[in-house]
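Written out below as structure tokens is the structure these notes cover.
The values are calculated or read from the model by the stated rules, or taken from the named source; none is laboratory data. Keep in mind that what you see is a predicted model, and the values were worked out from it rather than measured. Don't worry about glycine lacking a Cβ; one is built from the backbone with ideal geometry, like all the others, and counts go over all protein chains shown. Just so you know, the surface numbers come from the protein's heavy atoms only, side chains and all, with ligands and any DNA or RNA stripped out. Shrake-Rupley method; radii C 1.70, N 1.55, O 1.52, S 1.80 Å.
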Amino acid sequence: MRLRALGPCALALVAAATLLPTRQAAETVTTVTYSKTERTQALSYWTRERMRQAGASLDEGTTPADQQPWRGPRIAPIGRLFFVDDKGEDSWCTATSVPARNRSVALTAAHCTQVPASPGNHYISLVFVPGYAKGAMLYGAYAVRAFTMPRSWERDDTYDVAALVLDPRSGRRLADVVGTQPVAFTGKPGGNVALFGYPATRPQRGEELMSCTTTARAARGNGQAAPCGMGGGASGGPWLARFDPAQGTGTVTGVTSYGNGPTDSTMTGAELLGPLARQVYDQAQGR
């Protein structure tokens with residue numbers, strides 16, 4: 001199944017439902033943009049209490065023993081991506097700030113932004129909170145002004161990668177505030193990796209950054225698999241190669257895409273290898 005936590009209630013946005021994001025499609029990459037009004041409404045909508053309530057009444061089972069709350073140095077580039085999905089429900093995923101020319105890009109999974117194989121059916125009120133921890137927003141919340149995804153995702157449900165373009169906050173860009181995790185688009189899947197995410201399993205229920213260090217193996221297509229059963233909410237979280245636990249840094253080689261959560265010990269990450277993922281990223285860093 002696709003890893004994404006769903007909120008307990010179908011909560012409609014006031015006024016925002018009448019505002020339709022702008023969509024632009026290149027040959028291989030689609031860009032969706034949000035108006036200034038929509039972004040302002042998104043920041044107002046996602047209060048601290050609403051963020052907490054998004055997972056408070058979920059029950060995806062007990063957090064497996066193969067993952068632990070991250071207790072090393074704070075990893076500010078990784079955070080929770082909140083949004084309202086196509087059913088009008090509050091939800092969240094995980095995203096990571098990465099280097100970019102505009103210093104305003106975070107990577108996540110495409111299914112955290114858009115219903116697959118459903119052109120134009122994208123989510124609303126997207127807000128990224130880097131370094132989120134038990135309701136604390138030490139670096140604030142950043143409205144998503146645009147996202148890019150493979151056109152194959154919105155049309156055919158393939159290649160689950162998206163890049164978010166974030167508004168500045170108080171005149172400062174995302175990377176200037178929280179830093180970045182390097183990203184690589186070349187290399188082979190597999191090897192030692194550290195996985196991070198905000199799964200909805202209890203007792204954390206999305207309130208803590210969870211980690212799992214394991215060995216990945218190549219999977220079909222552009223995927224890789226690893227024995228780490230994170231639950232919904234961890235989608236879009238980074239797979240970090242060459243991870244240094246003392247510094248809390250590594251290189252993003254994939255983002256969490258599919259898995260069966262705590263009932264299954266295997267989770268699959270969508271590889272950021274090859275020209276299509278690079279095009280998605282380049283389209284975002286050029287905005």
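Observations on the structure shown:
- When the alpha carbon gyration tensor of region 151-229 is reduced to an equivalent ellipsoid, its three semi-axes come out at 25, 21, 16 angstrom, largest first.
- Only one item in (i) 12.7; (ii) 14.2; (iii) 15.9 matches mean projected area of the Cα convex hull in nm² derived from the coordinates shown, and that item is (i).
- For region 186-236, the alpha carbon positions stretch 35, 19, 18 Å along the principal axes, listed from largest to smallest.
- Highest GNM mean-square fluctuation among M267, M230, M137, for the chain modelled with Cα contacts below 10 Å: M137.
- Using C-alpha pairs under 8 Å with a sequence gap of at least 6, the mean separation divided by the residue count of region 156-287 gives a relative contact order of 28 percent.
- Radius, Kirkwood style, for region 83-139 when every pair of distinct Cα atoms is counted (Å): 12.8
- Equivalent ellipsoid semi-axes, region 135-287, via Cα gyration tensor eigenvalues times 5, rooted, Å: 23, 21, 16
- Spin-label pair K134/Q68, simplified geometry with 7 Å Cα→Cβ offset, distance in nm: 1.7
- Computed [θ] at 222 nm, deg cm²/dmol, the chain (DSSP H ≥ 4; -39,500 (n - 2.57); rounded to nearest 500): -4000 deg cm²/dmol
- Using a probe of 1.4 Å on the protein chains alone, the accessible area found for Y139 is around 50 Å².
- Inter-part distance where region 168-222 and region 117-155 are each reduced to a Cα centre, Å: 15
- Lysines with Cα under 29 Å of K87, excluding same-chain neighbours fewer than 8 positions away: K36, K134
- Each 5 Å bin from zero up to the one holding the largest Cα-Cα distance in region 143-195 carries the following percent of pairs: 4, 13, 15, 19, 19, 17, 10, 3, 0.
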